[in-house]
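Undergrad: Here it is, the structure in full.
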Amino acid sequence: MNTIMSDRVRKLVSATLIQPWTWPIITAPKVQLSTLSSEPVIASKKPFKVELVGGKRYSWCTCGHSKKQPFCDGTHKTKAQGLMPLRFIPEKDSKAWLCGCKYTANPPYCDGTHKQEFIQSALLPENTDS
Ligand code: FES
């Protein structure tokens with residue numbers, strides 16, 4: 001049996017035994033490995049009428065997964081990690097129509113987008129209203 005390593009084997013062994021602290025630091029691009037959606041789901045095909053208190057801070061659900069619609073219940077942390085609630089503070093007490101479809105161009109308020117075909121023909125996730 002030949003005990004002398006060839007140059008090729010010596011290089012291979014050398015590369016295999018390289019110490020981790022001598023490895024060059026490579027910054028890899030951030031890759032999202034999650035299959036969780038960062039797109040909102042349609043919570044409702046109509047807006048929610050709410051009475052807002054002036055000066056109070058609200059968190060409007062942007063992901064559509066909250067069970068406390070139209071407000072955030074923290075579900076985005078597990079079901080839509082790319083989305084965050086929209087925080088807003090109304091200046092005065094008021095009634096408002098907050099978007100339920102999550103596709104308004106004027107969040108958190110309804111702008112009528114829910115009347116469009118892509119909203120009205122969409123299937124809703126389970127446990128939501130129509
Ligand atoms: S409910 Fe979303 S735009 Fe009206």
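Undergrad: Show me the strands (runs of 3 or more DSSP E) found entirely inside region 36-130 where at least 1 residues are modelled with pLDDT of 95 or more, small (Gly, Ala, Ser) and open to solvent by less than 40 Å² (accessible area, probe 1.4 Å).
TA: It comes to 58-60, 94-98.
Undergrad: May I pose another question? With respect to the numbered conditions (1) open to solvent by 100 Å² or more (accessible area, probe 1.4 Å); (2) basic (Lys, Arg); (3) at pLDDT 85 or above, which one is the sole condition not fulfilled by Lys30?
TA: (3)
Undergrad: Take the residues in region 57-106 that are small (Gly, Ala, Ser) and within 16 Å of the ligand (Cβ to nearest atom); name whichever of them is farthest from Pro40 (Cα to Cα).
TA: The qualifying residue farthest from Pro40 (Cα to Cα) is Ala96.
The values are calculated or read from the model by the stated rules, or taken from the named source; none is laboratory data. Computed from a predicted structure; not experimentally measured. Virtual Cβ from ideal backbone geometry, glycine too; neighbours counted across all protein chains shown. These accessible areas exclude ligands, DNA and RNA; they are computed on the full protein's heavy atoms, side chains included. Shrake-Rupley method; radii C 1.70, N 1.55, O 1.52, S 1.80 Å.
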